[in-house]
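Each reported figure results from applying straightforward, stated rules to the coordinates on display, with no laboratory input. No experiment lies behind these values; they were computed from the predicted model shown. For neighbour counting, all protein chains shown are included, and Cβ atoms are generated from backbone atoms with ideal geometry for every residue, glycine included.
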Amino acid sequence: MNILEIANALDGKLVNYKDNIVIKGISTDSRKIKKGDLFIPIKGLNFDGHDFIGKAIDLGASASLSQYDLNTSDFTYIIVEDTQIALMRLAQYYRSKFSIPAVAVTGSSGKTTTKEMIASVLGESFNVLKNQGNLNNTIGLPITVFGLERHHDICVFEMGMNHSGEIESLAAIVKPDIAVITNVGTAHIEFLGSRENILKAKKEIFKFFTHDNKAILNGDDDMLSTISSSRFQIIRYGINEKNDLYVQNIKQRGDEGMEFSLLLNDNMENFFVPLIGIHNVYNALCAIAVGLAMNMEVERIKRGLAKFVPGKMRMEIFDTEDGIRVINDSYNANPDSTSAAIEVLKDMPCKGRRILILGDMLELGDYSEAGHRKVGEKAAESKIDIIISIGEKAKDISKGALDKGMREEQIYHFMDNKTAISKLPSILLPGDTVLIKGSRIMKLEELADSLRERSFTKDE
């Protein structure tokens, strides 16, 4: 885009216009500026990107946005009322230049893995653009949109939120043709107050739908099963036979992944996804549903699913030198995803004890104590042998486990990772299987890394 086009799209005031500058990229981080970029400074809680406009220009930015008159004649800039809103408006304008379909994915848990599975499946027939990592908010998603190029056939966008109105803002940028909701749980309940309000916020993804659009929903989710519409098509997936796509013959292939079957066009088709856990069968079903909605051949869908590469810290399995099996699922956690992970641990073949290492789960608000207790109760009911909880809020995990009959000698609690790491050698034994999970801010991958690096023996 050229600078005049951008100023017009944003209804901004173009200052120090000298020639028709062509913008080659967009950046909100002055440290990552490339020559020819437009710098968009964002005003945050702890910093103001406007303080780095000069640095961005020095590093090669061709122009900048600004909420203020900068009183300079040294470079070209566009004055807008709000730079973050301008970022989203510009992404919406840029997206409108492409007539390719878009898939939007949201949900309380599993959305990043589901997005990656969908992209892997679609990649067998299309050139796909997707969010990198979990760049799924009002800054990350627009930056992803600016990665669209003429060679792309389809885009897959993960959409995160913690307040009402956010999904609608993201949907306004993307205008999805297919929208996916994986589940409605308790993630971000601190900000939204109830699962009913979370459902209402997730349904904002349909704001711009017409009769040509398709909603792909987890039909086994009690909240999502209440959604109906005469305005757009709904495809439901799950294990229950009432769904449009329902899975049969589920089997776990060791620690390699999950096998299952689907009846498609009167043929029983077999699929494999290289991630363990029944919740990943749901994620795979969602990816299959998107592939079918895009009229892909079944064999290509199978191939794309089998090629899927799990993300780091998501059900990542490794063995220590002395035979301790570790399931590193430390990327993030909420009560629902943690309960699903406990199911995985419960069903894993294990020579020794099944051990849970769990950290604080955040953004639960008034539900925090009940949510942590629920996880502890689930662990006790699943006959987990040892719980190691880390953090202030995680104390309630231990309380929930005790309430359901676990003995005090089966439970350890530490306030920080450093202390927990120092105590692991005296707790873990060869043959144990260990699951690690907690909210992102807890950085429980530090424990997984310590287990990779050291050999834990009883004599150590």
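Computed quantities for the displayed model
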quantity	calculated
Approximate spin-label separation Phe232-Arg452, in nm, with each point projected 7 Å along Cα-to-Cβ	3.9
Options Leu129, Met442, Ala370, ranked by Cα towards positive dipole end of the chain, top entry (Cβ charges)	Leu129
Cα centre as origin, Lys/Arg/Asp/Glu Cβ charges: the range 39-85 dipole, Debye	120
Charge dipole of the chain about the Cα centre (unit charges at C-beta), most positive-ward option of Phe98, Thr226, His413	Phe98
Cα-based equivalent ellipsoid of the range 225-363: semi-axis lengths in Å, sorted from largest, via gyration tensor	30, 19, 13
Loop-located GluC sites (Glu not before Pro) in the range 277-364, at most 15 other Cβ atoms within 10 Å (DSSP)	Glu297, Glu321
Neighbour-limited loop hits for GluC sites (Glu not before Pro), the range 381-411 (at most 14 other Cβ within 10 Å; DSSP other than H, G, I, E, B)	Glu392
Two-decimal Rg to Rh for the range 209-269 - Kirkwood Rh, Cα set	1.07
Alpha-carbon centroids, the range 157-196 and the range 403-446: separation in whole Å	32
Qualifying lysines (Cα of each under 16 Å from Cα of Lys175; at least 8 residues distant if same chain)	Lys97, Lys130, Lys202, Lys203, Lys207, Lys214
Between helix 335-347 and the chain: long-axis angle, C-alpha atoms, 0 to 90°, nearest 10	40
Residues of type lysines that Lys43 reaches as a straight line, Cα spacing below 18 Å, ignoring anything fewer than 8 places off in the same chain	Lys32, Lys55
Debye equation applied to the C-alpha atoms of the range 102-170, log10 I(q)/I(0) at 0.15, 0.19 Å⁻¹	-0.44, -0.69
Separation in nanometres of the label points that stand 7 Å from Cα toward Cβ, at Ser194 and Thr419	3.9
Whole-Hz couplings from phi, Karplus 6.51/-1.76/1.60, listed for the range 290-301; x for Gly and Pro	5, x, 5, 5, 8, 6, 7, 5, 4, 5, 5, 4
Placed amide H near Ile26: partners under 5 Å, 5+ positions off or other chain	Leu38
Extension gain, Glu297 back to Ile239 (0.36 nm per residue minus Cα-Cα distance, nm)	18.6 nm
Convex hull volume per residue in cubic angstrom - Cα atoms of the chain	156
Volume of the Cα convex hull of the range 193-296, divided per residue and given in Å³	120
Proximal lysine pairs, the range 278-389, alpha carbons under 28 Å, eight or more residues apart or interchain	15
R0 of 45 Å, Cβ-Cβ distance Ser99-Glu392: FRET efficiency to nearest 0.05	0.30
Percent antiparallel among DSSP beta bridges (both partners in the chain, rounded to 5)	30
Between the range 1-51 and the range 80-94, the Cα center-to-center distance that results, in Å	10
Gyration tensor verdict on the range 112-221 (Cα atoms; rounded if a/c is under 1.5, prolate if a/b is larger than b/c, oblate otherwise)	prolate
Share of pairwise Cα separations in the range 29-88, more than 14 Å, in percent	49
Lys/Arg +1, Asp/Glu -1 at C-beta; the range 305-460 dipole; positive extreme among Leu428, Ser330, Pro349	Pro349
Cα Rg, Dmax, the range 134-194, angstrom units	12.9, 43
Total charge dipole magnitude, the range 1-90, about the Cα centre, Cβ charges on Lys, Arg, Asp, Glu only, Debye to nearest 20	340
